[in-house]
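The next block holds one structure in the form of structure tokens; read it before the comments.
The values are calculated or read from the model by the stated rules, or taken from the named source; none is laboratory data. Computed from a predicted structure; not experimentally measured. Heads up, the Cβs are rebuilt from the backbone with ideal geometry, glycines too, and the neighbour counts pull from every protein chain shown.
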Amino acid sequence: MIGLTEEVQRLRAVEFGKELFTIPAFEMLLDLYSGRNVQPRSLTSLTGASSASERNSQRIVHRLAERGFVDLYRDPSDGRRIIVELKEETTAMLDRFFDRLVELTGELPMYQRRQK
């Protein structure tokens, strides 16, 4: 479902353009949630997962931290580097989101026809 959601995001960007419909915060949350990249994730590394500029992406990450979605802390081995991690509550929220997405997919008429 994560891959499907990311594909929906890419399709949205292709069809409507990144400039008109951007959702960089969700893109970064998906990137952290999928865990495809090496953990822990640095702020600089995470900004590459967003369709926003690096500067705007950094602002968005700080807003995500202010709203309680992620934790930010300095890397103990390199104090200049900021580490970004999903909070457990955010992971649970995304779990529920994808569970609901699976349910919704099962309710689609095309999917129901294949099940018969």
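Here are a few things to note about the model shown:
- Residues that are free of Cβ contacts under 8 Å to residues at least 12 places away in the same chain and under 12 Å from P40 (Cα atoms), drawn from the range 78-95: none
- Each residue in the range 63-81 was checked for being exposed (fewer than 15 other Cβ atoms within 10 Å of the Cβ) and either touching a helix residue (DSSP H, G or I) at 6+ places or on another chain (Cβ under 6 Å) or β-branched (V, I, T) (or both), and 1 of them qualify.
- Considering residues of the range 28-62 that are of a type in the set (D, E, K, R) and buried (at least 19 other Cβ atoms within 10 Å of the Cβ) only, the residue farthest from the chain's Cα centre (by Cα): R41
- Look at (1) in contact with a helix residue (DSSP H, G or I) (Cβ under 6 Å, 6 or more places away or on another chain); (2) surrounded by fewer than 16 Cβ atoms within 10 Å (Cβ to Cβ); (3) modelled with pLDDT of 80 or more and you find that M1 fails only one, number (3).
- Matching residues, the range 82-91, being surrounded by fewer than 18 Cβ atoms within 10 Å (Cβ to Cβ) and either of a type in the set (V, I, T) or assigned to a strand (DSSP E or B) (or both): E85, T91
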